[in-house]
1. Taking the alpha-carbon set of the stretch 2-141, what are its Rg and Dmax in Å?
2. Report the Stokes-Einstein translational diffusion coefficient (µm² s⁻¹, integer) for the stretch 1-50, Rh taken as the Kirkwood radius over Cα pairs, at 10 °C with viscosity 1.306 mPa s.
3. Considering only Val260, Val171, Val17, give the residue with the highest GNM mean-square fluctuation for the chain, with springs between Cα atoms whenever their separation is below 10 Å.
4. Excluding Ala42 itself, calculate the net charge of residues whose Cβ lies under 10 Å from the Cβ of Ala42, where each Lys or Arg counts +1 and each Asp or Glu counts -1.
5. For the stretch 154-277, compute Rg over Rh where Rg is the Cα radius of gyration and Rh is the Kirkwood radius from the inverse mean 1/r over Cα pairs.
6. Filter the chain for me: DSSP H helices, axial length by Cα at least 15 angstrom, mean Kyte-Doolittle hydropathy not below 1.0. List them by residue number.
7. How would you order 173-180, 252-259 from highest to lowest mean count of nearby Cβ atoms within 10 Å?
8. Given a cut-off of under 8 Å on Cα pairs at least six residues apart, what relative contact order in percent is computed for the stretch 173-248?
Amino acid sequence: MISALDHIVLLCPDIEVGIVDYSLLMGAEPVWRAQQGGAATAVFQLQNTALELLAPYGEGETADKLRAMTADGPKLTTLDYRTDMIDETHRKLGRRGLAPSEITGGKSTDLNSGAVRTWRRFRLPDERMAGIKSFVLELGGSILEFNNDKAGVISSLDHIVITTSNPDRAVANYGARLGLRFALDRTAEQWNTRFLFFRIGDLTLEIIHTLDSEQALGDLDALMGVTWAVDDLEAAHLRLSEAGRNISEIRTGRKPGSRVFTVRDGTLGVPTLFIAHAPR
């Protein structure tokens, strides 16, 4: 049913500020920009997903809502999944208890090229997904592609981190209901953490639960941060360092054969890691 994570959404108060920060972080300009219906968007396309910046634009109900949502700053907020069979996916997720909304259509026109993208999509209620805003869509129109062979640029999303107070609920939602592949369940006593890994395409939803947490089982999940993959970690480190970004030294990652560094600013407040994996 669900074939990919089409994109993640980062809300920001000012689209131009967001574009400046993330063009530097990504090593590329957005491939799509639009302004309509009270919202401004900018899309950074990667090999396995995309990052969409979403900000208020102009006046109206949507613009007012986005301004209220970003009054205390940017926030990583939404997962948009892709399917090629939206009607069947809608029926199946309804039978699995996720109570999807009605399917609606939409379109977006690129400010630069005039190209048009269309989609059909539905929303999964926040309460069913434990607070994580979630949509499922089927795309039409212009297809965005990653086309950047410069050294040190972000090529893909390695994983996105979700915190949960209730691992059993997470397994039910992402595994049994959404149908994502449950790849690993690991408890690391040294970090006082249980890790649940769900694979979708070639990226991972990493769901973490702090052992002995004071959270109640009914507390909501939250999007915590992202790890971006690059082919040349040294080039990425040098690129961001020369641009004046506050970044850590390169260090050995938790996953065998990986190396990482942390980006401490210019991410609109999103905890951010860069990673490179040893060739297989």
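1. 15.2, 44
2. 134 µm²/s
3. Looking only at Val260, Val171, Val17, the largest GNM fluctuation is found for Val17.
4. On the way: positive: Arg33; negative: Glu16, Glu29, Glu52.
Summing Lys/Arg as +1 and Asp/Glu as -1 gives -2.
5. Values: Rg = 15.6 Å, Rh = 15.6 Å.
Reported Rg/Rh (Cα atoms, Kirkwood Rh): 1.00.
6. 15-26
7. Listed from highest to lowest mean packing, they are 173-180, 252-259.
8. So the answer I get is 16 percent.
Every number in this text was worked out from the coordinates using simple rules, so none of it is lab data. The structure displayed is predicted, hence computed values, not measured ones. Virtual Cβ from ideal backbone geometry, glycine too; neighbours counted across all protein chains shown.
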